[in-house]
1. How long are the three semi-axes of the equivalent ellipsoid for the range 1-43, computed from the Cα gyration tensor as the root of 5 times each eigenvalue, in whole Å, largest first?
2. State the answer as a single residue: which of N34, L53, V19 lies farthest towards the positive end of the charge dipole of the range 1-58, with beta carbon charges of +1 for Lys and Arg and -1 for Asp and Glu, about the Cα centre.
3. Just in the range 3-49: which trypsin sites (Lys or Arg not before Pro) are loop by DSSP and have at most 12 other Cβ atoms within 10 Å?
4. Suppose the chain between R54 and T180 were pulled fully straight at 0.36 nm per residue; how much longer would it get relative to their current alpha carbon spacing?
5. If you stretched the chain out fully between V164 and A147, how much longer would it get, using 0.36 nm times the residue separation minus the C-alpha to C-alpha distance?
6. Compute and list, largest first, the equivalent-ellipsoid semi-axes of the chain from the alpha carbon gyration tensor, each √(5λ) rounded to a whole angstrom.
7. Counting pairs of alpha carbon atoms under 8 Å apart in space and at least six apart in sequence, what relative contact order in percent does the range 1-115 give?
8. What ³J(HN,Hα) values, in whole Hz, does the Karplus curve 6.51 cos²θ - 1.76 cosθ + 1.60 give for the range 161-171 when θ = phi - 60°, with x put for Gly and Pro?
Amino acid sequence: MQRRHRVLTVLVGGLLLGVVDLLLQRTLPYPWANLANSSAVWAVGAFGIGSWLRADWRRSAFAGIVLLLVAVEAYYLAAVVLMNDSARNLWSPTTMAWLFFGVLAGALFGGAGGLSRHRKPWLRAIAVAMPGAVLLAEAATLFNRSAQPGRGSHYRTDSLQTAVIEVILGVALILLVARTNRVRLQAIAAATVLAVLGFAAYTVAGFGG
């Protein structure tokens, strides 16, 4: 029964993540609408489910993958039902790309969630730093994107506001997830390095332009 409960929680969590993301993206004012549709927030969701499972990193990584794959399809299915979008979007190249990123992010952040209680302090600190680091990396990407020429003033304002929110959330998450001040300091140091790597990954993946 416990295993069924965990499987059901992951599936329902993915369904809610996709549907609620679409609804909030369309109803919230900016900059909160940007945050609702943030890939970093989805990655934090994978970390959360991996941590909630209290399982080894392999099962946590798998749970993160399932969560994000379900979320992607739920997002596009909700768009079909609520917005009369084409059902072809469920298997479009864009959707396939997001499913690919979902596998990568789900494995990485779900696994980190599973390692967030690891006995080795250095490994635990890196894992705890992951959700904050991805928010900081996306914030840096938004700062960089808003500074590019040709962007409208409203776009720049919204992006900068979203970036500031993500910085605050990123630091707050590290302080919240870490259990001691020592781990918090270690995680903040790790998050700084990971955020730089994450910014590079966002740029290579094409999110920096």
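1. Details: eigenvalues 145, 19, 6 Å².
So the three semi-axes of the range 1-43 are 27, 10, 5 Å.
2. L53
3. Details: sites: R3, R4, R6, R26; in loops: none.
Passing sites in the range 3-49 do not exist.
4. Values: separation 126, 0.36 × 126 = 45.36 nm, distance 1.89 nm.
Length gained, R54 through T180: 43.5 nm.
5. Values: separation 17, 0.36 × 17 = 6.12 nm, distance 1.44 nm.
Using 0.36 nm per residue and subtracting the Cα-Cα distance, I get 4.7 nm.
6. On the way: eigenvalues 139, 115, 37 Å².
That gives 26, 24, 14 Å for the three semi-axes.
7. Details: 181 pairs, mean separation 42.6, N = 115.
Relative contact order of the range 1-115: 37 percent.
8. Calculated HN-Hα couplings, in order: 5, 5, 4, 4, 4, 5, 4, 4, 5, x, 5 Hz.
A short reminder: the numbers here are calculations on the coordinates, not readings from a lab. Note that this is a predicted model, so its numbers are computed, not measured. All Cβ positions, glycine included, derive from the backbone under ideal geometry; neighbour counts span all protein chains shown.
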